[in-house]
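Each remark here refers to the structure printed beneath this line.
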Amino acid sequence: MVRLTLSRMVMVMVVVVESLYLMVVLQKMAELEMSCGDPDHDQDEDEDDDENDLVDKEEMKKELLLINGVLFPDAAATAWCGIAWPPLYVITPTYKRNTQLADLTRLAQTLMHVPALHWIVVEDAEHPREVVGELLVRSGLPFTHLSATTPPEYKDAKMMGRGVFNRREGLRWVREHATEGVLYFADDDNTYDIRIFEQMRGTRRASVFPVGMILSLGISSPVVRDGKVVAFHDGFQAGRKFAVDMAGFAVNLRVVHASPGATIPIRVSYLEDGFLRQLRLELEDLEPLAWGCTQVLVWHTRTNRPATPNMDHVTKDHLDTNLVHLYRNILR
Ligand code: UGA
Ligand code: MN
């Protein structure tokens, strides 16, 4: 009897708490809808209010950014108001290996939360592969699927960085097809907090931010004093002017176009430094993100390599089962 009453009380409390939460959410949504206006709003009225609209949109942006990460996912909030954000061009070099589809799936499903983003996936291969293309289509993201190989003269080069020629191909595409926006190189195996994409969208020249789980210090970060980048806290300095990881910076396309010859150098560990130098950037150009580089929003994660699946592992008595199709699918 007592137990019954107790469980009823708990149920009533749960219902009350849930209702209160729902009320708060609905109120926030109503406020947001009011600030966004009616999307089916009359065209003529819009023209009359052109100037006010501009002001309102600035206000809206502020409000949305304030709400971002607190209540609404960025994509939902932005799509709702139809604000034209500066586009992000994200270049991802990738190559075939056991962990590729797992890594790309995680990255795709991160980027799916980010509005106004064009994903340029460049395979280190002769041709773009169907299985990667299918993943890109499933993501629903605007994307470009390319491939590039290492030229024969570099095939045996020692001390060569990874993903150089496919990154270069991505860069070539961006130079040719995009004029405005922000460029970011997102390796396929890192982990990205979606808030970093909204922060880098405002990059005027080049923005920098900490990268977690990397090198001997376990962190790589710009050193910020009085809001300015003064040095780099990174396990590998070695004469680098910009001791940053590929995941730790974004650049405005104006800067990229201003140096048409700037490219990714091939020498391992100097890809980032070389590229930023060729863009003729200086320390004072760098805009520290992630709250003055006090938080980590990108991690240099590495996926453990599992054993390579092999069709020979399917025993004779299972040749008429799903396993044959499963292996065919994962070995594509
Ligand atoms: C570190 C840096 O974070 C990379 O940005 C840098 O390119 C790399 O070192 C380097 O050695 O040059 P790390 O985790 O060691 O990264 O390298 P990977 O994640 O294996 O490769 C970086 C990117 O290049 C990945 O997106 C990967 O898919 C791609 N890659 C790697 C290729 O396209 N082809 C390859 O043969 C190897
Ligand atoms: Mn990596």
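What follows draws every value from the coordinates through simple rules; no lab data is involved. As the structure is a prediction and not an experimental result, all values here were calculated from the model. Quick reminder, even Gly has a Cβ in these numbers, built from the backbone with ideal geometry, and neighbours come from all protein chains shown.
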TODO: Would you mind getting me the FRET efficiency between M213 and T105? Use the beta-carbon distance for r and R0 = 25 Å, nearest 0.05.
DONE: 0.80
Open item on the list: Just to be sure I understand: of the beta bridges DSSP finds with both ends in the range 88-299, what percent are antiparallel, rounded to 5?
Closed with: 45 percent
- [ ] Using a Förster distance of 51 angstrom, determine the FRET efficiency expected from the C-beta separation of D317 and T150, and round it to 0.05.
- [x] 0.70
Open item on the list: Compute the distance from the alpha-carbon center of the range 218-238 to that of the range 153-195, in whole Å.
Closed with: 23 Å
- [ ] Please work out the FRET efficiency for the pair R172 and Q295, using the Cβ-Cβ distance as r and a Förster radius of 41 Å; give the result to the nearest 0.05.
- [x] 0.75
TODO: Quick one: compute the contact order of the range 93-167, relative version, from alpha carbon pairs under 8 angstrom and 6+ residues apart, as a percent.
DONE: 36 percent
Task: Difference of contour (0.36 nm per residue) and Cα-Cα distance, M9 to L326 - done: 109.2 nm
Open item on the list: Can you list residues from other chains, or at least 5 along the same chain, whose modelled amide H is less than 5 Å from the amide H of V314?
Closed with: none
TODO: Note down the relative contact order for the range 161-244 as a percent, whole number, built from C-alpha pairs under 8 angstrom at least six residues apart.
DONE: 15 percent
Open item on the list: For the pair R225/R204, report the inter-label distance in nm, with labels modelled 7 Å from Cα in the Cβ direction.
Closed with: 2.2 nm
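How much length is gained on full extension from L141 to V268, taking 0.36 nm per residue of separation minus their Cα-Cα distance? Each step should come with its number before you reach the end.
Working: separation 127, 0.36 × 127 = 45.72 nm, distance 3.11 nm.
So the extension gain works out to 42.6 nm.
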